[in-house]
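In what follows, a structure is listed as structure tokens, so that the remarks can point back to it.
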Amino acid sequence: MLGFFDDLIAEFESEHPGIDVESTRYEGGYTAGLVQLAALDEADRPDVFMGSNSSVRLQHDSGLFVPPSECTGGETPEALVDLLPIIEHTYTVDDTLVAAPYNVSTPVMMYDRRVWRAAGVDPDDPPATFDELESVVRRLRDSGAATTGMVLYDRAASWLVEQAAAQGGRLLVDPANGRDGTTATDVTFATPESIATLERFRMLHRDGYVLWAGVNRSGRDDLLALVNPETPSGLTLHTSAAIGDAVRIIDSGVIGAGVEFGAAPLPGGAPGGLAGGGAWWLLADDDPERVATAWTLVDWLIQPERVAELAAFTGYVPTTQRAVASSVTTRSWDEIPALRVGYEQLAAMPATDAAAGLQVGPMVELQRALEVAASVTIDADEDPAEQLRAAEGTARTALATYDSIYGTDE
């Protein structure tokens with residue numbers, strides 16, 4: 001995406017000769033970038049920050065940012081009026097859209113269609129439930145078409161709990177998954193559904209049907225395992241944002257030559273998935289002209305045609321209905337049908353607190369607690385109920401610590 005984004009900025013500058021854009025790439029991802037940003041003196045801070053869906057509440061509570069509506073007379077910006085409902089809900093705090101969603105992703109299932117056909121599995125009829133997924137995973141390996149039926153790693157393993165809860169309309173934190181702005185009073189990870197799910201994949205891993213890829217430090221370890229010609233795996237769960245890169249790499253013949261890339265919605269309790277990725281945040285500043293100039297850039301980037309271009313190149317989801325209707329989008333979906341999957345998954349989600357997932361200050365800590373619980377259960381063959389209850393304790397401590405700092409109770 002970096003080269004693509006550099007070209008976009010060059011295009012913006014050519015259309016706005018009075019505005020020069022200097023970009024800084026923070027090391028360590030979104031969260032590390034936010035820490036570095038907060039440490040800067042106000043005069044040295046950038047005007048725009050790309051923030052994660054995992055830090056919405058934290059960034060809002062920090063007081064460092066202003067909502068886009070501050071630049072548009074208090075109204076929702078025209079480019080954002082037709083956001084997909086689940087995306088709008090993800091970035092809404094206290095009834096205000098606090099950022100401009102841009103590079104929105106969602107986890108999907110990825111696989112080699114050739115391997116599925118070799119195993120006698122129809123690649124056009126992917127599993128929708130965990131029962132169906134287990135059946136496919138076993139068939140992929142038992143047929144000899146794949147060395148292992150599925151690749152899992154820490155983040156994907158936690159999705160088995162977090163995404164399934166959103167699909168099933170179950171809250172992980174009360175009240176309202178943290179979305180009503182009051183102190184979260186209860187954490188519920190160790191539900192019968194979550195315990196059964198982790199137990200299922202624990203057994204699949206024990207029996208050799210799941211390849212454990214650990215923390216997936218490269219961000220593509222699972223994809224490399226998927227296309228390894230010597231020891232192919234049957235499927236993996238991965239962010240939709242990687243679809244464009246995956247298809248281009250396969251087509252280049254450098255890695256995965258001959259792979260017939262396929263993608264399908266995330267299996268679980270019901271159709272749908274959480275909105276991941278990021279959004280543009282405007283830094284607060286005493287100089288209204290500085291904020292207005294920053295908004296000029298953001299408003300340009302989030303126009304439907306440019307969001308469609310981003311989605312067609314990457315696999316990010318077109319965020320608005322106008323971006324979905326763009327000829328760029330429809331053409332890319334015709335050429336690479338897998339690019340459509342992420343959109344269909346988010347379009348299926350209702351704009352409810354349960355479906356939108358967590359929105360708590362220490363969201364990264366809660367997600368990591370789930371990752372650890374899922375990882376220890378599956379990879380270390382531990383009891384899922386014990387691990388999920390331990391994750392609940394970690395989450396409650398993180399929530400209490402955050403509340404003691406920010407005082408979110410009304």
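The values are calculated or read from the model by the stated rules, or taken from the named source; none is laboratory data. On a predicted model such as this, the values are computed, not experimentally measured, just so you know. Every residue, glycine among them, receives a Cβ derived from its backbone with ideal geometry; neighbour counts consider all protein chains shown. With ligands, DNA and RNA removed, areas are computed over all heavy atoms of the protein, side chains included. Shrake-Rupley method; radii C 1.70, N 1.55, O 1.52, S 1.80 Å.
If you bin all the Cα-Cα distances of region 273-410 at 10 Å, starting from zero, the percentages per bin are 10, 24, 27, 26, 12, 1. In loop segments of region 306-391 as defined by DSSP, there are no GluC sites (Glu not before Pro) with at most 14 further C-beta atoms inside 10 Å of their C-beta. Within region 69-212, the percentage of alpha carbon pairs spaced more than 27 angstrom apart rounds to 42%. With protein chains left intact and a 1.4 Å probe, residues in region 123-222 average 39 Å² of accessible area per residue.
What distance in nm lies between label points placed 7 Å from Cα along the C-beta direction at E230 and E22? Placing both labels 7 Å along Cα→Cβ, they lie 4.8 nm apart.
Computed over region 1-73, the alpha-carbon pair-distance distribution with 5 angstrom bins reads 3, 12, 21, 21, 21, 17, 5, 0, each value a whole percent.
For region 60-147, the convex hull spanned by the alpha carbon atoms encloses 164 Å³ per residue.
Listed peptides 34-40, 64-70 appear in the order 64-70, 34-40 once ranked by packing, highest mean of other Cβ atoms within 10 Å at the front. When the charge dipole of the chain is built from unit charges on Cβ atoms (+1 for Lys and Arg, -1 for Asp and Glu) and taken about the Cα centre, the candidate among V136, A395, A213 whose Cα reaches farthest toward its positive end is V136.
What helices does the chain hold that run 27 Å or longer along their axis, going by alpha-carbon atoms, with a Kyte-Doolittle average of -0.5 or more, using DSSP H for the helix calls? Could the numbers behind the result be given before it?
Working: long enough: 384-406 (32 Å, -0.33).
Those that clear 27 Å and a mean of -0.5 are 384-406.
Three semi-axes describe the equivalent ellipsoid of region 1-151; taken as square roots of 5 times the Cα gyration tensor eigenvalues and ordered largest first, they are 42, 19, 17 Å. Only alpha carbons enter this Debye calculation for region 336-408, each as an equal point scatterer, and the log10 of I(q)/I(0) it gives at q = 0.11, 0.23 Å⁻¹ is -0.44, -0.96. A 1.4 Å probe run over region 231-299, with the rest of the protein chains in place, finds 35 Å² accessible per residue.
For the chain, with all protein chains in place and a probe radius of 1.4 Å, 50% of the accessible heavy-atom surface sits on carbon or sulfur. On the basis of the beta-carbon distance and an R0 of 51 Å, A32 and E78 show a calculated FRET efficiency of 0.95.
A simple spin-label model places pseudo-atoms 7 Å from Cα toward Cβ; at T401 and D124 they are separated by 5.2 nm. Orientation-averaged projection of region 219-318 equals 9.1 nm² [convex hull of Cα atoms, one quarter of hull surface area]. With 0.36 nm allotted per residue and the present C-alpha distance subtracted, the T330-R206 stretch has 40.3 nm of extension available.
Ranking T314, T188, T148 by how far each Cα lies toward the positive end of the dipole of the chain (charges on Cβ) leaves T148 at the top. For the chain, how big is the tail of P(r) above 39 Å, as a whole percent of Cα pairs? Tail fraction, whole percent: 18.
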